[in-house]
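**Q** Would you mind keeping the following structure in view while I ask a few things?
The values are calculated or read from the model by the stated rules, or taken from the named source; none is laboratory data. What you are looking at is a predicted structure, and each value in this text was computed from that prediction instead of being measured. All Cβ positions, even for glycine, are placed from backbone atoms using ideal geometry, and neighbour counts span all protein chains on display. Areas reflect the complete protein model, heavy atoms only, side chains present, ligands, DNA and RNA absent. Shrake-Rupley method; radii C 1.70, N 1.55, O 1.52, S 1.80 Å.
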Amino acid sequence: MSTTELSLAGSQPGGLGRYNRQAADLHYVTSRVMVYLLAFTAVSVIGFPLFWMVICSFKTSTELYQFPPAFLPHDWTLTNYRDLFIQTNFPIYFVNSLVVAGGATLLSLVVGGLGAYSLSRFKFAGMRTVSMLTLLCYMLPEVLLVIPLYLFVVDLGMADTLISLIIANTAFTLPLTMWFMRSYFNAIPASLEESAMIDGCSRFQAMRKVTLPLALPGLVSVGVFSFNHAWNEFLFALVFTSSETKKVLSLGLATWIGQDNIYSWGMLLAGAVLVTIPVVLFYLLVQRRLVVGLSEGGVKGE
Amino acid sequence: MAEPNTDLPGDRLLAYLALSPSIAILILLVAVPMVTVFAMSMQHISLGELSGPFVGLRNFERVLADPAFLNALGNTFVWVFGSVAIEMALGLGIALLLNIDFRMRGIARAVILTPYLIPTVVAVLTWHYMFNDIIGVLNYLLMAVGLISQPLLWLNSTSMAMFSVILVGVWKFFPFVVIALMGILQAIPQEQYEAADIDGASALQKFWRITLPHIMPVFLLTALLRTIWTFHKFDIIYLMTGGGPIDATTTLPVLVYQQGFVDFALGRAAATAIITFAILGVLLAVYLHLMKRAEARQ
């Protein structure tokens, strides 16, 4: 700031300099006001649906169906949450989702982690092609795979099982894990392992004791992305499963939409809030790596 | 990038051993299904059957001659270009805003990024409630501020439905653009702006001359990626409207689902899926080419 003032004072007669400074201050204040105004508008517009979802899940059914709607509940209630657990299969859906998302994530981390390590550390024919193919797999449309996979699932007698969903989800979470972890391993210097091996470790020991601990944050992040993908997945669940005891959350909640005569909006919104909580918690866990992770996963910056 | 090292005996074996489970799964879950879907597309598969007699390209002919396909193709383009254009513009604006230092920026950023993190079904449920013709808060708010004089049929009119679905899609996915652009905006050297300040450049000049050239490669790559993902998005449209009213929001992925799992004509669905994939293939080829170049440069 002081250098600008000096240059202003030096180049112009005193009176005019002060005038310019006042104009600059005014300009500064208006631009700050604009920034806050824009930020406030953006946050309120984008955040409103989230606010509305949470707030309305605490409303009584009378208030939920009242028009014009009241912005804050008159009587806050937990009835919707209680009903969700007593009157619906929500707890079953929740457990099923945990099994499917957890299973697919675990499978991808173990298998894909090893595969990525191999792609990153060893040089062999076709390595680059395999890497690009994993990326291609990740970008394939689900609707293309769902038709043949449905055929296999029915042929193998695996229709309406959670196993079929775990395996089908792996078709996307595995390439995601491989692609992400390959760049992560690439960033860990191979010389660390080499020194460990000079000190008498076997290749496997070096990998387990040196590289694995360093790669752990990466595994956690990509684990969260995979989990989220499988937690969200809808098409495979829609096509492969049908019975109430095998439904996952996305399918279970989706079948309630448009049946608001049976399931009240209150229950639906309470369900929506509960489905969101694990995802948001997980992201808080890897928040700092989120930006890096997403860009590694898809947009690799220059 | 770490130097790949394969100078130890037995390393090659270890390399293949570590990679083979991944390859095996990808072959079983991706490669074999891809071959299968091509085979299915050339069979006449009757209702409820899983395979049928070979009919060559007849499914493709039938699909291409079907007005439902042309309608879905048109809807797909509206959906993709509408969504991506708005997402990119909004994403750039918000990224520039969040790149400015202001109090409580962390909170603003968290709120703005949250739609991207929440499950699609949650977004759909919430918007369904807000879009409701009778009790929806959206109509109430818009009427209260005088933007509309009577309630809009957000999802139940053929002229509004696509707009409404795009609105929800943009809300859910534009934060991806914000995340991608925020990263690159922070990487622009501050000295360039300082130098421009000394030369008396206006904010607009700084944007055109410094910011835009720097972010352009990432901006285009993000747009391409969003185009690919939006193109084969199924769940958000299916859950918002089921492709309706009538077929106003039936995009190609929704059409594939309807042919395969509502009409149970798996052969025809396979053919439609392959045509969809072929259109997408052009975009994928561009993307893979760009990624390969970025890889090589690393």
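**Q** Only one residue in B:Ala196, B:Ala123 is facing chain A (nearest Cβ under 9 Å) and small (Gly, Ala, Ser). Which one?
**A** Result: B:Ala123 is the single residue among B:Ala196, B:Ala123 that is facing chain A (nearest Cβ under 9 Å) and small (Gly, Ala, Ser).
**Q** Give me the residue from the stretch A:155-182 that is in a helix (DSSP H, G or I) and among the polar types (S, T, N, Q) and, out of that set, farthest from A:Leu136 (Cα to Cα).
**A** Ranking the qualifying residues of the stretch A:155-182, first place goes to A:Ser164.
**Q** Condition check: under 27 Å from B:Thr120 (Cβ atoms) and open to solvent by 10 Å² or more (accessible area, probe 1.4 Å). Does B:Leu221 satisfy that?
**A** Taking the combined requirement at face value, the residue satisfies it.
**Q** Moving to a separate point now. What are the pairs with Cβ atoms under 6 angstrom where one residue, in the stretch B:89-110, is more than 8 Å from every other protein chain (Cβ to nearest Cβ) and the other, located anywhere, is β-branched (Val, Ile, Thr)? Sequence gap at least six, or different chains.
**A** Close Cβ pairs (under 6 Å, with a partner that is β-branched (Val, Ile, Thr)) amount to B:Gly91/B:Val177; B:Gly91/B:Val178; B:Ala95/B:Val178.
**Q** Residues of the stretch B:41-74 being among the aromatic types (Phe, Trp, Tyr) and over 19 Å from B:Tyr257 (Cβ atoms), which ones?
**A** B:Phe54
**Q** Please find, among B:Leu288, B:Leu239, the residue that is at the interface with another protein chain (Cβ under 7 Å from one of its Cβ atoms), modelled with pLDDT under 90 and under 18 Å from the mean Cα position of the chain (by Cα).
**A** B:Leu288
**Q** Do any helices (runs of 4 or more DSSP H) lying entirely in the stretch B:79-147 carry at least 2 residues that are charged (D, E, K, R), and which ones are they?
**A** Ranges flagged: B:105-117.
**Q** Okay, next question. All but one of (1) within 22 Å of A:Val279 (Cα to Cα); (2) surrounded by fewer than 19 Cβ atoms within 10 Å (Cβ to Cβ); (3) among the aliphatic types (A, V, I, L, M) hold for A:Ile86; state the number of the condition that does not hold.
**A** (1)
Per-residue answers, yes or no, for (1) modelled with pLDDT of 90 or more; (2) open to solvent by 10 Å² or more (accessible area, probe 1.4 Å); (3) on the phi > 0 side of the Ramachandran plot:
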| site | (1), (2), (3) |
| --- | --- |
| A:Met158 | yes, yes, no |
| A:Leu162 | yes, yes, no |
| A:Asn169 | yes, no, no |
| A:Ser183 | no, yes, no |
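**Q** While we're here: Does the stretch B:53-105 hold any residues that are open to solvent by less than 40 Å² (accessible area, probe 1.4 Å), among the aromatic types (Phe, Trp, Tyr) and over 15 Å from the mean Cα position of the chain (by Cα), and which are they?
**A** B:Phe60, B:Phe69, B:Phe102
**Q** Given the conditions (1) surrounded by 17 or more Cβ atoms within 10 Å (Cβ to Cβ); (2) modelled with pLDDT under 90; (3) in a helix (DSSP H, G or I), and given that A:Ser195 satisfies all but one, which numbered condition is not satisfied?
**A** Of (1) surrounded by 17 or more Cβ atoms within 10 Å (Cβ to Cβ); (2) modelled with pLDDT under 90; (3) in a helix (DSSP H, G or I), only one is false for A:Ser195: (1).
**Q** Here is a list: B:Ala161, B:Ala196. Which entry is open to solvent by 10 Å² or more (accessible area, probe 1.4 Å) and either modelled with pLDDT of 90 or more or among the basic types (Lys, Arg) (or both)?
**A** Testing whether each residue is open to solvent by 10 Å² or more (accessible area, probe 1.4 Å) and either modelled with pLDDT of 90 or more or among the basic types (Lys, Arg) (or both) leaves just B:Ala196.
**Q** Might you let me know whether the stretch A:109-132 holds any residue that is facing chain B (nearest Cβ under 7 Å) and open to solvent by 40 Å² or more (accessible area, probe 1.4 Å)?
**A** Yes; the residues of the stretch A:109-132 include at least one that is facing chain B (nearest Cβ under 7 Å) and open to solvent by 40 Å² or more (accessible area, probe 1.4 Å).
**Q** Condition first: free of Cβ contacts under 8 Å to residues at least 24 places away in the same chain, outside any helix (DSSP H, G or I) and open to solvent by 40 Å² or more (accessible area, probe 1.4 Å). Now tell me which residues in the stretch A:54-83 satisfy that.
**A** A:Phe58, A:Gln66, A:Phe67, A:Pro68, A:Phe71, A:Leu72, A:His74, A:Asp75, A:Trp76, A:Leu78
**Q** Moving on to the next point. Taking B:Ala123 as the residue in question, decide whether it is open to solvent by less than 20 Å² (accessible area, probe 1.4 Å), assigned by TED's automatic domain parsing to the domain that holds B:Ile188, of a type in the set (A, V, I, L, M, F, W, C) and free of Cβ contacts under 8 Å to residues at least 24 places away in the same chain.
**A** no
**Q** Same structure, new question: Go through (1) open to solvent by 20 Å² or more (accessible area, probe 1.4 Å); (2) under 30 Å from A:Thr88 (Cβ atoms) and name the single condition A:Arg208 misses.
**A** Here A:Arg208 meets the rest and fails (2).
**Q** Okay, moving on. Which count do you get for residues in the stretch B:183-192 that are of a type in the set (S, T, N, Q) and not in a helix (DSSP H, G or I)?
**A** 0
**Q** Would you check if there is a residue in the stretch B:74-83 being closer than 17 Å to B:Val256 by Cα and in contact with a Leu (Cβ under 9 Å, 6 or more places away or on another chain)?
**A** Checked the stretch B:74-83: at least one residue is closer than 17 Å to B:Val256 by Cα and in contact with a Leu (Cβ under 9 Å, 6 or more places away or on another chain).
**Q** Now for a different question. Considering every residue within the stretch A:208-224, establish whether at least one is over 26 Å from B:Ala15 (Cα atoms) and assigned to a helix (DSSP H, G or I).
**A** yes
**Q** Applying the selection to the stretch B:33-43, what residues are in contact with a helix residue (DSSP H, G or I) (Cβ under 7 Å, 6 or more places away or on another chain) and open to solvent by 70 Å² or more (accessible area, probe 1.4 Å)?
**A** Listed by number, the list holds a single entry, B:Phe38.
**Q** Among the residues of the stretch A:143-153, which ones are in contact with a Phe, Trp or Tyr (Cβ under 9 Å, 6 or more places away or on another chain) and open to solvent by 40 Å² or more (accessible area, probe 1.4 Å)?
**A** The answer is A:Tyr150, and nothing else.
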